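Q: One structure, as structure tokens, below. Some questions next.
Please treat every number below as a calculation from the coordinates, not as lab data. These figures come from a predicted structure and were not determined experimentally. Quick reminder, even Gly has a Cβ in these numbers, built from the backbone with ideal geometry, and neighbours come from all protein chains shown.
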Amino acid sequence: GMEGGGGGQSDMTGDQLVMMLENSGYMPRSSFGADSTTLYVSGLPADMGDLHLYRIFACFGAIASRGIRAIRQPDGSCRGVAFITFLDPMAAQSAIHCYSGTQLPDGTILKVSVKK
């Protein structure tokens, strides 16, 4: 058979392939798949930490292990953006319903939506 390019065998492990395809967004998800439990949050303060995020989102339901990620600048400050992954899609929906569109005292609008 052909080697490389067209055919033959991959050097990847099965686990690597599954992870790659799951993370690529190619695999169709059920409505209760991972995508519907992960929220994209923007409009956060520069000093927002994971613990702050935990305190405002954990009230809606259980959060996945390592399910809170504030996106940081090189200097360590928050870019104003974070991802929150709940175990239950209904918890994620509740958080969106409660927080999305909230206007902060400085005029910033908090945006909370399902991660695209």
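Q: Among CYS59, CYS98, which comes first, second and so on when ranked by fewest other beta-carbon atoms within 10 Å?
A: Fewest to most other Cβ atoms nearby, the residues stand as CYS59, CYS98.
Q: For the range 100-109, in order, what is each residue's ³J(HN,Hα) by Karplus, 6.51 cos²θ - 1.76 cosθ + 1.60 with θ = phi - 60°, in whole Hz (x at glycine and Pro)?
A: 5, x, 5, 8, 7, x, 8, x, 5, 9
Q: What per residue convex hull volume, in Å³, comes out for the range 32-114 when only alpha-carbon positions are used?
A: Hull volume normalised by residue count: 84 Å³.
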